[in-house]
């Protein structure tokens with residue numbers, strides 16, 4: 001008999017009932033150190049007082065009116081994002097998947113409005129993950145994502161990751177945009193070199209192609225800059241964000257230049273819940289923290305401390321770990337043993353991590369994780385690695 005919750009996840013039998021900072025409390029009272037943060041969602045940890053205050057205050061005033069009307073908190077959050085980024089305009093969604101759908105629509109509508117409707121193809125990359133909607137799985141293109149869901153949305157070209165020559169050869173008069181994650185999350189914490197992003201930007205400029213960045217997982221302060229592409233000194237034409245922007249409340253957005261968004265006029269797109277007062281109230285509170293240079297400096301300092309601890313674990317457990325990957329507080333331990341075994345061993349040490357492709361264990365802690373919790377994280381992962389070693393003997 002099918003369970004009442006559709007069984008599309010293989011769930012770990014843990015039942016968390018309370019969150020406190022970087023910690024989750026299981027219903028039996030055990031405290032788990034959360035280095036997954038809801039897969040990079042809980043940017044300020046669990047039950048942050050500023051987010052509680054923002055949500056509670058807004059909930060006492062107004063929950064929902066729809067986008068038929070002006071929403072003051074939505075306007076305020078859009079203004080903050082525009083001020084802090086390359087963008088001229090913002091559309092709010094409920095998730096990264098919805099952001100992907102709009103980014104694809106926006107790029108194709110841009111060329112259609114210029115009288116070039118045949119310019120609809122989008123270049124995407126091996127190992128990518130952009131969500132689970134029709135456009136998002138088509139952009140990923142793997143059998144794991146598209147198997148059984150055909151016919152797949154056409155118009156996507158898939159190239160090897162980090163092969164710039166292949167990209168140059170793939171851009172044609174039918175190419176509308178290039179879609180890429182500055183750091184692949186699900187794909188194994190694979191970070192593009194800054195020069196590669198600079199070369200991509202120049203290629204797009206030279207060929208009049210739109211550049212779409214997926215910063216759903218690597219954005220909102222995760223790398224120590226508000227957005228990961230800032231490290232390369234470039235800007236996209238369109239960018240997808242979600243996850244950390246809501247700090248745990250379902251919220252996403254598409255940021256774009258005025259030029260790239262020129263085709264999205266009244267009636268071309270919509271969302272019932274996107275940008276509702278509750279989500280935007282929380283998003284404003286998140287921005288007050290993650291857009292603050294002092295906060296980002298602390299992210300960088302803590303990222304250095306965590307990376308140093310992880311490098312020590314690689315040295316201490318060479319039969320378990322191979323290398324440290326990533327940037328900021330978006331880090332991964334590439335494993336020599338099955339990464340899932342290390343993740344499961346962590347459950348016994350009451351530390352939570354997230355598996356990814358390429359046999360990588362992801363560490364995506366709250367951006368405000370304490371120094372004490374970083375030290376505790378290393379201790380617990382060390383014990384988990386030791387238990388894996390002991391099992392292999």
| query | Looking only at the stretch 223-246, which residues are surrounded by 24 or more Cβ atoms within 10 Å (Cβ to Cβ), farther than 21 Å from residue 301 by Cβ and touching a helix residue (DSSP H, G or I) at 6+ places or on another chain (Cβ under 7 Å)? | reply | 229, 236, 238, 240, 241, 242, 243, 245, 246
| request: Answer with yes or no whether residue 336 is surrounded by fewer than 24 Cβ atoms within 10 Å (Cβ to Cβ) and either within 21 Å of residue 218 (Cβ to Cβ) or modelled with pLDDT under 95 (or both). | output: no
| query | Restricted to the stretch 298-321, and to residues that are assigned to a helix (DSSP H, G or I) and free of Cβ contacts under 8 Å to residues at least 40 places away in the same chain, which residue is farthest from residue 223 (Cα to Cα)? | reply | 315
| said: When you check residue 118 against the structure, is it over 21 Å from the mean Cα position of the chain (by Cα), part of a helix (DSSP H, G or I), surrounded by fewer than 21 Cβ atoms within 10 Å (Cβ to Cβ) and assigned by TED's automatic domain parsing to the domain that holds residue 280, yes or no? | reply: no
| task | Select from the stretch 346-375 the residues that are without any contact (Cβ under 8 Å) to a residue 40 or more places away in the chain and outside any loop (DSSP other than H, G, I, E, B) and write down the one among them that is farthest from the chain's Cα centre (by Cα). | result | 348
| query | What are the residues in the stretch 141-157 that are free of Cβ contacts under 8 Å to residues at least 24 places away in the same chain and either more than 20 Å from residue 177 (Cα to Cα) or touching a strand residue (DSSP E or B) at 6+ places or on another chain (Cβ under 7 Å) (or both), if any? | reply | 141, 143, 144, 145, 146, 147, 148, 149, 150, 151
| said: Restricting to the stretch 269-296, give me the number of residues that are exposed (fewer than 13 other Cβ atoms within 10 Å of the Cβ) and either touching a residue at least 12 places away in the same chain (Cβ under 8 Å) or at positive phi (or both). | reply: 2
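Looking at the stretch 37-74 only, could you name the residues that are in contact with a strand residue (DSSP E or B) (Cβ under 8 Å, 6 or more places away or on another chain) and surrounded by 21 or more Cβ atoms within 10 Å (Cβ to Cβ)?
Scanning the stretch 37-74 gives 40, 41, 42, 43, 44, 45, 46, 48, 51, 74.
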| the stretch 158-183, residues that are outside any loop (DSSP other than H, G, I, E, B) and within 22 Å of the chain's Cα centre (by Cα) | 158, 159, 177, 178, 179, 180, 183
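The values are calculated or read from the model by the stated rules, or taken from the named source; none is laboratory data. All figures in this text were calculated on a predicted structure; none of them were measured in a lab. Positions of Cβ are generated from backbone atoms using ideal geometry, with glycine treated the same way; all protein chains shown enter the neighbour counts.
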